[in-house]
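To start, the structure itself, in C-alpha cells.
The values are calculated or read from the model by the stated rules, or taken from the named source; none is laboratory data. Computed from a prediction, not measured in an experiment: that's the story for all the values here. Every residue, glycine as well, gets a Cβ built from its backbone with ideal geometry; the counts of neighbours run over all protein chains shown. The protein model used for the area step is the full one, side chains on, heavy atoms only, and it has no ligands, DNA or RNA in it. Shrake-Rupley method; radii C 1.70, N 1.55, O 1.52, S 1.80 Å.
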Amino acid sequence: LPSPDRFLGYVQIGMGLFALATLPVYGLTFNLMKAGIRKLPATVPGYFLFNLMSHALALLVMLPATFCAGMVLPLVTGSLLRTGYGERSIGQVYTWNTIGAVAGVFLGVHVGFPYLGLKGIIGGGAILDISVGLGLLWALRPAGEPRWKLPALTAAALLLPAAALLLFGIDARKMASAVYRTGELISAADGKILFQADGKTATVTVTEDNTGTITLRTNGKPDAAVMRGQAHSLDESTMTLLGILPTALNPGARSAANIGLGAGTTTHGLLLSPYLREVDTIEIEPEVLRAARLLERPACKTFTDPRSHIHIDDARNFFSSGNRRYDLIVSEPSNPWVSGVSDLFTVEFYRQVRHHLTPDGIFTQWLHLYELDVDLIVSVLKPIEMNFDDYVVYATNDFDILIAARNGTPVPAPDPGYLRIPEVAEALKGVSIRSPQDLAIRKIGNRKTLAGLLHRSGVIPNSDYRPILDEGSARARFLRTRIWEFGGYSYAPLPAYQFLSGEFRNFGRTDITPAYEFQGSLYASRAGILRDAYLSGRPDSRFAELPEQLSRDTVTVGRMFFGPGDPGSEAQRFEALYNVGSLLTSFLDSGELATVWAKLESGPGADKLTARERDWIAVLKSIGRRDGKEMARLAQLWLMRHAGTDQLADQYLVLAGSLGATASGDEGTRRGMATLLWDDKVVRDPEARFLRSLIGP
C-alpha cells in the first residue's frame with residue numbers, strides 16, 4: 001500500500017458504511033428466509049440446506065463490516081512497527097483493543113440497547129467508525145491532493161449515515177415474526193403491536209391478534225399468551241398448572257423460586273398459596289418485566305404481592321451466587337432450541353438445583369412435546385432421573401408437560417384440601433379444572449412407567465459437555481417433529497398408565513370436566529356420557545356433544561343388547577363394540593364398568609351375540625377389572641381364535657395381553673407375545689408403538 005495509514009482511514013469509513021447497510025439488508029433477510037422456509041422440505045437434506053441458507057444470510061449482514069474490522073489491528077500494528085515503536089507496540093495494541101472490546105460490550109448492552117435501541121446503536125457505532133476514518137484522512141492529508149477531494153468525501157460520508165438513518169429502520173412487525181420457525185411474517189391484518197423494545201438479551205414484543213390473544217415474544221418467538229375475557233389460551237393452562245400443581249404437591253412449602261417471568265401467571269399461581277412466605281422470580285431480560293404488565297390479569301399478585309421478588313439475572317448464576325434453599329423450584333424457560341436455554345435442561349443444572357432444595361422440596365420442569373422427538377425427551381428425563389429419587393409427569397395440555405421431581409420420599413398426589421382454597425379453585429376453574437379428578441386424568445407418567453424406556457434407550461443425558469438437546473431440538477424444530485404419543489398413550493384405548501404404574505384410579509363416579517386443550521379430558525367426559533346413557537336407558541342433553549361416529553356406535557351397541565331397530569352388519573356391530581368398549585374400559589373405574597356391563601347384559605339381545613363378540617366383551621371386562629393375568633390369558637385366547645378378522649382389534653389385544661402380562665409379572669406370557677408386540681405390521685399406530693416401547697421387548 002502506498003499509504004497504509006490513510007488506507008486505515010478508508011477502512012474505518014467502509015466499516016461504518018457497511019454497518020449502516022445492515023439496516024436495509026437485515027429487513028431483506030426476513031423475506032429471503034420466508035421464501036427459503038416455504039420452499040425447503042422438512043427433511044434431513046432440507047435441514048442441511050436450511051443451515052446453509054441461514055448462515056449465508058447471517059454472513060450477508062455481518063461479514064462486510066467484520067472483514068473491515070479484521071483489517072484494523074494489522075494496519076495499526078504495522079504502522080507502529082514502521083515508525084519505530086518496536087515489538088512492544090504489538091502488546092499495547094492488543095491490550096487497548098481488548099479494553100475497548102470489553103468496554104464496547106458493556107456500554108452496548110447496558111447503555112446502547114436500553115437507551116438507543118437496535119437502530120440507534122448501529123447508527124451510533126457507524127458514525128464513530130466514519131468519524132475516526134475522516135479524522136485519520138484529515139490528519140494525514142498529503143500536500144498535493146486537490147482541495148475539494150477530502151471535503152467532498154467528508155460531506156458524502158456524513159450525509160450517507162443521515163440518509164440511512166432517516167430512510168431505513170427496523171421493521172417492528174418483522175422483528176415480531178418468528179419467520180425462521182414458521183416461514184410467516186406478521187402483517188397489519190394479523191393484529192397490532194402493543195409494545196416493542198430492544199433489551200439486553202433480546203428484542204421483546206407484545207402483539208394482539210384479531211381473536212384477542214395477547215402474546216409476549218422474544219426475538220419473534222412466542223413465550224407466553226393470554227386471552228381477553230373468560231376464555232383461556234394453551235399457555236395459560238400450562239402457566240397456571242406450573243404455579244398451582246407444585247404447591248398442591250407440597251402444600252407446606254414456605255419458599256419458592258420460579259425461573260422465567262413470562263406473563264407472570266406462574267408466579268401468580270405460586271402466590272395463591274397462603275402458606276408461602278416468599279417467591280423469587282428469576283428473569284434474564286429486563287424488558288420482559290415491562291412487557292409482562294400488558295399480559296397481566298386482573299388481581300395478578302406477581303407485581304403487587306409483597307412476598308414476590310423479581311431478580312434480573314441468569315438462573316444458574318442466581319443459584320450459584322446465593323446459598324438459598326427453597327421448598328419449591330419451578331423451571332419455565334423458553335424452548336431449548338433458543339440460544340442459551342438448553343443448559344437449563346442438563347445434568348449439571350439439575351444437580352445444582354437439587355442442592356438448593358430443602359429435604360422435602362419439589363422441583364418442577366416445563367417441557368414441550370411439539371418440535372421434539374422421543375430421544376430428546378429421554379435426554380431430559382435421564383438427567384432428572386440421575387438427580388432425583390422420584391418424579392411424575394403431568395400433561396398441562398396436549399402440547400406441554402410438567403415434570404415434578406423430589407428426593408427422599410415419593411412425589412405425593414395433589415392435596416385435595418389445598419385445591420379447595422377459594423382463590424386456587426377459581427384459578428383452576430379458569431383453565432377447566434374443577435376437581436381432583438381433572439388433575440388425576442392428566443397424570444401420564446412416573447419413574448416406574450418410564451424406567452423401561454429410559455434404560456433401554458441408548459440416548460445420552462443432556463449435559464454441559466454433551467449438549468445434544470441444543471442442536472437436536474433445532475433440528476426437530478425444522479423437521480416439525482411432534483411427539484404427541486408421549487401424552488397420547490395415556491388416553492389411548494387402554495388404561496396403560498394405570499397398569500404400568502400400579503396406580504388404579506378409584507373415583508367412585510368418574511366426572512371429568514372436558515377441556516378443549518387436553519384430549520384425555522374430552523375422552524373421559526365422553527365415557528361418562530355413555531355410562532349415563534346406558535344406565536338410564538336414555539341419553540341426556542350432553543349426548544349431542546359427542547362426535548357423530550361415536551353417537552352412532554353408542555346407538556348400535558344399545559340396539560345390540562336392547563333393541564329396537566337393526567344393529568347393522570356383523571362388521572358394524574364389532575366396530576361399535578370396539579369403539580364404545582375401549583372408551584369405557586380406558587376411562588371408567590372398575591365399579592362403574594361392572595355396573596354398565598351388568599346393565600347391558602341384562603338386555604334380551606345378550607343371548608344373540610356371536611362367539612367373537614362374547615369373547616371380545618370378556619376381554620374388555622377383564623381389563624375393566626384391572627386383572628392383568630386374566631386379561632393376558634383372554635387376549636391370547638382371542639388372538640388364537642379370531643386373529644386376522646380385524647387389524648385394530650389385533651393391535652389392541654397384542655398390547656392389552658402384553659400389558660397385562662407385564663403388570664401381573666407373567667413373564668412366560670409376555671415373552672410369548674413379544675414376537676407379535678414388535679411386529680410393525682401388527683402394532684402400527686404411533687401411540688401404540690410408544691406404548692410398546694414402555695412395555696419392552
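What accessible area, in Å² to the nearest ten, does a 1.4 Å probe give for VAL596?
For VAL596, the solvent-accessible surface is approximately 0 Å².
From the residues TRP96, TYR10, THR396, which one has its Cα farthest along the dipole of the chain in the positive direction, the dipole being from +1 and -1 charges on Cβ of Lys/Arg and Asp/Glu about the Cα centre?
Result: TYR10.
Compute the long axis of helix 647-664 from its Cα atoms, compare it with the longest principal axis of the Cα atoms of the chain, and write down the angle in degrees, 0 to 90, nearest 10.
It works out to around 90 degrees.
Against the longest alpha carbon principal axis of the chain, how many degrees, from 0 to 90 and to the nearest 10, is the axis of helix 519-536 turned?
That works out to roughly 20 degrees.
With all pairs of different alpha carbon atoms counted, what Kirkwood hydrodynamic radius in Å does the stretch 178-262 show?
In the stretch 178-262 this quantity evaluates to 14.8 Å.
How about the stretch 570-626: which trypsin sites (Lys or Arg not before Pro) there lie in a loop by DSSP and see at most 10 other Cβ atoms within 10 Å?
none
Hey, if we sort THR610, THR267 by accessible area with the 1.4 Å probe, largest down, what's the order?
THR610, THR267
Please give the solvent-accessible surface of HIS110 in Å², to the nearest 10, using a probe radius of 1.4 Å with every protein chain present.
Around 80 Å² of this residue is reachable by solvent.
Round to a whole number: what % of the accessible area of the chain belongs to carbon and sulfur, probe 1.4 Å?
That fraction is 59 percent.
Could you give P(r) for the stretch 620-697, binned at 5 Å from zero, as whole percent values over all Cα-Cα pairs?
P(r) for the stretch 620-697, in whole percents per bin: 3, 19, 31, 27, 18, 3.
Counting other Cβ atoms within 10 Å, keep those with at most 10, restrict to DSSP loop, and tell me which chymotrypsin sites (Phe, Trp or Tyr not before Pro) in the stretch 367-474 are left.
Here the chymotrypsin sites (Phe, Trp or Tyr not before Pro) that fit, given the DSSP loop and packing criteria, are TYR465.
Give me the base-10 log of I(q)/I(0) for the stretch 134-222 at each q in 0.13 Å⁻¹, Debye formula, one uniform scatterer per Cα, rounded to two decimals.
-0.60
Counting only DSSP beta bridges with both residues in the chain, tell me the antiparallel percent, nearest 5.
So the antiparallel bridges amount to about 65 percent of the total.
Would you pull out the residues with amide H under 5 Å of ILE362's amide H, same chain only if 5 or more places away, H placed 1.01 Å from N?
Those lying under 5 Å, H to H, from ILE362 are LEU328, ILE329.
Over the stretch 496-562, how many percent of alpha carbon pairs lie in each 5 Å bin up to the one with the longest distance?
Values per bin, smallest distances first: 3, 15, 22, 23, 17, 13, 6, 1.
Share of Cα-Cα pairs in the stretch 39-114 beyond 16 Å, in percent?
Considering the stretch 39-114, 69 percent of its Cα-Cα pairs are separated by more than 16 Å.
Please report, to one decimal in angstroms, the Kirkwood hydrodynamic radius of the stretch 72-215 built from all distinct Cα-Cα pairs.
19.3 Å
How much of the pair distance distribution for the stretch 334-380 lies past 13 Å, counting alpha-carbon pairs only, in percent?
Looking at the stretch 334-380, the distances longer than 13 Å represent 62 percent of pairs.
Mind grabbing the base-10 log of I(q)/I(0) for the stretch 386-456 at q = 0.20 Å⁻¹? Debye formula, identical points on the C-alpha positions, no solvent, two decimal places.
-0.92
Tell me the volume per residue, in Å³, of the convex hull enclosing the alpha carbons of the stretch 163-310.
125 Å³
Send over a whole-number figure in Å² for the accessible area per residue of the stretch 432-501, probe 1.4 Å.
39 Å²
Are any of the pairs LYS200/LYS429; LYS34/LYS443; LYS39/LYS221 more than 29 Å apart by Cα-Cα distance, and if so, which?
Violating the 29 Å Cα-Cα cut-off are LYS200/LYS429; LYS34/LYS443.
Based only on the alpha carbon positions, what is the Kirkwood hydrodynamic radius of the stretch 452-598, in angstrom?
18.0 Å
If you fit an axis through the alpha-carbon atoms of helix 667-677 and take the longest principal axis of the Cα set of the chain, what angle between them do you get, 0 to 90°, nearest 10?
Roughly 60 degrees, rounded to the nearest 10.
Just how much of CYS300 is accessible, in Å², when a 1.4 Å probe is used and the result is rounded to the nearest 10?
The value for CYS300 is about 10 Å².
Measuring from the lowest to the highest alpha carbon on each principal axis, how far does the stretch 364-486 reach, largest first, in angstroms?
Dimensions of the stretch 364-486 along the principal axes of its Cα atoms: 45, 35, 23 Å.
Determine one quarter of the surface area of the Cα convex hull of the stretch 254-402, which equals its mean projected area, and express it in nm² to one decimal.
The orientation-averaged projected area of the Cα hull of the stretch 254-402 comes to 9.1 nm².
Could you give me the radius of gyration and the Dmax of the stretch 310-396, taking only the C-alpha atoms into account and expressing both in angstrom?
Computed over the Cα atoms of the stretch 310-396, radius of gyration and Dmax are 13.0, 36 Å.
How would you classify the stretch 254-314 from its alpha-carbon gyration tensor, with a ≥ b ≥ c the square roots of the eigenvalues: rounded for a/c under 1.5, else prolate if a/b is greater than b/c, otherwise oblate?
Taking the square roots of the gyration eigenvalues as a ≥ b ≥ c, the stretch 254-314 is oblate.
Percentage of Cα-Cα pair distances in the stretch 539-697 greater than 23 Å, rounded to whole percent?
Percent of Cα pairs beyond 23 Å in the stretch 539-697: 39.
Would you rank MET71, MET631 by solvent-accessible area, highest first, keeping every protein chain in place and using a 1.4 Å probe?
Listed by decreasing accessible area, they come as MET71, MET631.
List the extent of the Cα atoms of the stretch 1-158 along each of their three principal axes, largest first, rounded to whole Å.
61, 39, 36
Could you state the number of Å between the C-alpha centres of the stretch 271-340 and the stretch 621-657?
Each part's Cα centre sits 50 Å from the other's.
Across the chain, what fraction of all alpha-carbon pairs, as a whole percent, falls in each successive 10 Å bin from zero upward?
Once binned at 10 Å, the Cα pair distances of the chain give 3, 13, 20, 20, 17, 12, 7, 4, 3, 1, 0, 0.
Using only the alpha-carbon atoms of the stretch 33-73, report the extent along each of the three principal axes, biggest first, to the nearest angstrom.
Projected onto its principal axes, the Cα set of the stretch 33-73 covers 43, 18, 6 Å.
So what is the calculated 222 nm ellipticity per residue for the chain, using -39500 (n - 2.57) for each DSSP H run with n of 4 or more, over all residues, to the nearest 500 deg cm²/dmol?
-18000 deg cm²/dmol
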